[in-house]
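Written out below as structure tokens is the structure these notes cover.
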Amino acid sequence: MDVKEWYMEYKIHKNRPGLLGDIASLMGMLDINIVTINGVEDRTRGMLLQTNDEEKIDLMGKMLRKVDNITITALRPPKLVDILAVRHGRYIERDSDDRKTFRFTRDELGLLVDFLGEIFKREGNQVVGLRGMPRVGKTESIIAGSVCANKRWTFVSSTLLRQTVRSQLSEDEMAPNNVYIIDGIVSTIRSNEKHYSLLQEIMGLPSTKVIEHPDIFIRESEYTYNHFDYIIELRNSPDEEINYDSFTYTSEPF
């Protein structure tokens, strides 16, 4: 049987000496390998495990549920958020109603870059929206995430250094392995017809597109919220409001 990964998480009620050793010993007897282990949030421990026998995972789960000092809170094939929780020791904040929306603050840029890097490694069509006020680190995080994923990034539209509005891309830039960075305001409000035609072509490519200011992009184009696989919010502080009152929407020369 193929070796598969599992994520196990448990809440500690009484952190007695030797507790982790007892759990690790049980896994060792069942020939379940611990790949990564870390504390996740308060008094919670997460593990990435490997085994080639799913029945051993089921058996281990039943046995550990009889241990009074802990409560098993997760035992499943790992999701992206599980992998990052074990790496960084905390869960990414996620909208309780809209499960495709993830929230970060500026002091969590390392976690955000790792999250983006894992998304960018995936092949095929993906559309990521990135909300945030100016100079919070949106574009820099996208570039760093592309580096982590070993992907080339291409600016389709941007205001990072000066306003960029592309009307054509080279053959190399149209490769599926690229990460396309799109400013939703520039591409829909400050662009021209040639740029918008290129934008439509890029949106149809089997590649990753990251759109800054997705709300304006949706409002001013034929694309909808359903086109997005992920929505990421980046704030300077948890209570910062993301609004567009201070943005300039008037067209500028190209």
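Among residues of segment 133-149 that are open to solvent by 40 Å² or more (accessible area, probe 1.4 Å), those with a beta-carbon under 9 Å from a residue that is assigned to a helix (DSSP H, G or I) and charged (D, E, K, R) at least six positions away or on a different chain give the pairs CYS148/ASP114; CYS148/GLU118. Beta carbons closer than 7 Å, at least 6 apart along the sequence or on distinct chains, pair a first residue in segment 173-192 that is acidic (Asp, Glu) with a second that is open to solvent by less than 30 Å² (accessible area, probe 1.4 Å) for GLU173/THR154; ASP183/SER157; ASP183/SER158; ASP183/GLU212; ASP183/HIS213. Note on segment 24-42: among residues that are open to solvent by less than 40 Å² (accessible area, probe 1.4 Å) and within 14 Å of LEU59 (Cβ to Cβ), the one that is nearest to the chain's Cα centre (by Cα) is ILE32. When ASN52 is tested against (1) at pLDDT 95 or above; (2) more than 30 Å from TYR225 (Cα to Cα), just one condition goes unmet, and that condition is (1).
Restricting attention to segment 109-140, the residues that are over 11 Å from the mean Cα position of the chain (by Cα), within 23 Å of TYR244 (Cα to Cα) and not in a loop (DSSP other than H, G, I, E, B) add up to 6.
Looking only at segment 1-17, which residues are modelled with pLDDT of 90 or more and more than 27 Å from the chain's Cα centre (by Cα)? Even if it seems obvious, please write down each step before you answer.
The initial filter retains those residues of segment 1-17 that are modelled with pLDDT of 90 or more, namely 3-13.
Those that are modelled with pLDDT of 90 or more and more than 27 Å from the chain's Cα centre (by Cα): ILE12, HIS13.
Report yes if some residue within segment 219-226 is under 18 Å from the mean Cα position of the chain (by Cα), charged (D, E, K, R), modelled with pLDDT of 90 or more and within 15 Å of ARG131 (Cβ to Cβ); otherwise report no. No, segment 219-226 contains no residue that is under 18 Å from the mean Cα position of the chain (by Cα), charged (D, E, K, R), modelled with pLDDT of 90 or more and within 15 Å of ARG131 (Cβ to Cβ).
If I filter segment 168-189 down to residues being more than 22 Å from the chain's Cα centre (by Cα), closer than 22 Å to ARG122 by Cβ and not aliphatic (A, V, I, L, M), which single residue comes out as surrounded by the most Cβ atoms within 10 Å (Cβ to Cβ)? For segment 168-189, the residue satisfying everything is GLU173. The set of residues in segment 96-108 being touching a residue at least 60 places away in the same chain (Cβ under 8 Å), more than 11 Å from the chain's Cα centre (by Cα) and open to solvent by less than 60 Å² (accessible area, probe 1.4 Å) consists of ASP98, THR105. For residues that are part of a loop (DSSP other than H, G, I, E, B) and small (Gly, Ala, Ser), scanning just segment 192-207, find the one that is least open to solvent (accessible area, probe 1.4 Å). Ranking the candidates gives SER207 first.
The values are calculated or read from the model by the stated rules, or taken from the named source; none is laboratory data. Since the structure is predicted, the reported quantities are computational estimates derived from the model, not experimental observations. Virtual Cβ from ideal backbone geometry, glycine too; neighbours counted across all protein chains shown. What goes into the accessible areas is simple: the full protein's heavy atoms, side chains included, and nothing from ligands, DNA or RNA. Shrake-Rupley method; radii C 1.70, N 1.55, O 1.52, S 1.80 Å.
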